[in-house]
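Trainee: Below is a structure I'd like to ask you about.
The values are calculated or read from the model by the stated rules, or taken from the named source; none is laboratory data. Note that the coordinates shown come from a computational prediction; the quantities given were computed from them, not determined experimentally. A quick note on method: Cβ atoms are made from the backbone with ideal geometry, for glycine too, and the neighbour counts reach across all protein chains shown.
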């Protein structure tokens, strides 16, 4: 037994999907504009390099806050990421930028006791 589909139902489904896409795109643009008003630079990038996958999110570089979004994500996920970052922004903005001391601790190529690292023990 075969079931026939009503062509009108198929048209309604297609229109709903298109409408939803445009609604999400419009919401995404609104959130992006709000982030930019708050001084955040939004970047859509392919967040993968040398097999290392990075997560979308906020980042502070030289005092400027960036939101990196993986451009391969579906619009609905991008929208959720941006909404979460918008909510997180006030607390993120208060986090101090990594200074020279912190950069030395983060850089794994730094030699122990090298510049930027504080060593415990005797002073010379």
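Trainee: Could you list, in sequence order, all residues of segment 46-87 that are within 10 Å of the chain's Cα centre (by Cα) and at positive phi?
Mentor: Answer for segment 46-87, where residues must be within 10 Å of the chain's Cα centre (by Cα) and at positive phi: just 57.
Trainee: Hey, another quick one. Given the structure, is residue 88 in contact with a strand residue (DSSP E or B) (Cβ under 7 Å, 6 or more places away or on another chain), assigned to a helix (DSSP H, G or I), modelled with pLDDT of 75 or more and surrounded by 11 or more Cβ atoms within 10 Å (Cβ to Cβ)? Walk me through it before giving the result.
Mentor: Details: in contact with a strand residue (DSSP E or B) (Cβ under 7 Å, 6 or more places away or on another chain): yes; assigned to a helix (DSSP H, G or I): yes; modelled with pLDDT of 75 or more: yes; surrounded by 11 or more Cβ atoms within 10 Å (Cβ to Cβ): yes.
Yes; evaluated as a whole, the condition is true for this residue.
Trainee: Okay, moving on. Restricting attention to segment 38-73, which residues are modelled with pLDDT of 90 or more, in contact with a strand residue (DSSP E or B) (Cβ under 6 Å, 6 or more places away or on another chain) and not in a strand (DSSP E or B)?
Mentor: Scanning segment 38-73 gives 56, 71.
Trainee: Here is a further query. In segment 66-80, what count of residues is obtained for those that are surrounded by fewer than 20 Cβ atoms within 10 Å (Cβ to Cβ) and without any contact (Cβ under 8 Å) to a residue 40 or more places away in the chain?
Mentor: 9
Trainee: Sticking with this structure for a sec: With the requirement that a residue be in contact with a strand residue (DSSP E or B) (Cβ under 8 Å, 6 or more places away or on another chain) and loosely packed, with under 15 Cβ neighbours inside 10 Å, what does segment 21-37 give you? If you could, list the steps in order and put the result at the bottom.
Mentor: So the first thing to find is which residues in segment 21-37 are in contact with a strand residue (DSSP E or B) (Cβ under 8 Å, 6 or more places away or on another chain), and the list is 32, 35-36.
Hit for segment 21-37 is 36, nothing else.
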